[in-house]
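I have placed the structure first, in the form of structure tokens, so that the comments after it can refer back to it.
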Amino acid sequence: MKKSTYYLGFFAILLVSFWFAINKLTPFFSQSKLSKRSTVQPFSFINQDGASFTNADMLGKVCVVEYFFTTCKGICPKMNHNMKDIYETFKSNKDFLIVSHTCQPEVDSVPIIKAYSQKMNSNNINWVFVTGNKENLYKMARFSYGLDDPKNAVANVADDFIHTQFFSLVDNNGNVRGGVYDGLKKEDLDKLKEDIKGLLKEKPMKNNFNGVFTN
């Protein structure tokens, strides 16, 4: 009888340990195969509601990043028409975010990007529009998101201008993943949707390691 109780207790502990390990290790097996291109550097901009928006606000979320300007009559309306489709697909997910940076901050003030966000019929939870210091905006585009070649920078930032149709994808750890996505091409947009789904399945790696080795 004692031996049976011992074996039952042993197997119960083994079962609980197995269940615990599976739950803790599952996130590792759901990691996307998208390569890491860079890491989002610290920044501080202003969103359409006049509130501070920093790199910390992106952590824990899968983010699509773009650059545009509100008076653009060329590629921007087409890009944001397609971005609206991305937004509609994932807007119910609290862990998804679109970050649209103006590349013309001298024109795109807070009231103007607010009006633009309302025109896009977006909420400020899953889609934020940001403005700020032009030099910092451009550094982020080139050195964090890889949306423009750093060699395009000019000595006088007032004469500099970024006009790109590409989107970047950032994971919930602040890493830029995969390649750049052409915001005007259906095949790229379809690929972007699939890659977003893959990253949404991931968990922050730091938390996972802490959970496995410190609990």
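A few points about this structure:
- Residue ranges of helices (runs of 4 or more DSSP H) in segment 45-143 with at least 3 members among the charged types (D, E, K, R) and within 30 Å of ALA155 (Cα to Cα): 134-139
- Scanning segment 144-156 for residues that are part of a loop (DSSP other than H, G, I, E, B) and not small (Gly, Ala, Ser) yields a count of 6.
- Listed by first and then second residue, the pairs with beta-carbon distance under 9 Å, at least 6 apart or on different chains, first residue in segment 80-109 and in the same structural domain as LEU184 (by TED's automatic domain parsing) and more than 14 Å from GLN48 (Cα to Cα), second surrounded by fewer than 16 Cβ atoms within 10 Å (Cβ to Cβ) and of a type in the set (Phe, Trp, Tyr), are CYS103/PHE161; GLN104/PHE161.
- Among the residues of segment 50-94, those identified as among the acidic types (Asp, Glu) and surrounded by 14 or more Cβ atoms within 10 Å (Cβ to Cβ) are ASP57, GLU66.
- Within segment 97-125, the set of residues being within 16 Å of the chain's Cα centre (by Cα) and at pLDDT 95 or above comprises LEU97, ILE98, VAL99, SER100, HIS101.
- Within segment 182-204, the set of residues being over 12 Å from the mean Cα position of the chain (by Cα) and in contact (Cβ under 8 Å) with a residue 40 or more places away in the chain comprises GLY183, LEU184, LEU189, LYS193, GLY198, LYS201, GLU202, LYS203, PRO204.
- Candidate set from segment 37-96 (those that are of a type in the set (Asp, Glu) and over 12 Å from the mean Cα position of the chain (by Cα)); member that is farthest from LYS139 (Cα to Cα): GLU88
- Counting only residues that are surrounded by fewer than 17 Cβ atoms within 10 Å (Cβ to Cβ) and either outside any helix (DSSP H, G or I) or not acidic (Asp, Glu) (or both), segment 180-200 holds 6 of them.
- Matching residues, segment 157-177, being part of a helix (DSSP H, G or I) and surrounded by 15 or more Cβ atoms within 10 Å (Cβ to Cβ): VAL157
The values are calculated or read from the model by the stated rules, or taken from the named source; none is laboratory data. On a predicted model such as this, the values are computed, not experimentally measured, just so you know. Cβ coordinates were reconstructed from backbone atoms using ideal geometry, including for glycine residues, and neighbour counts include every protein chain displayed.
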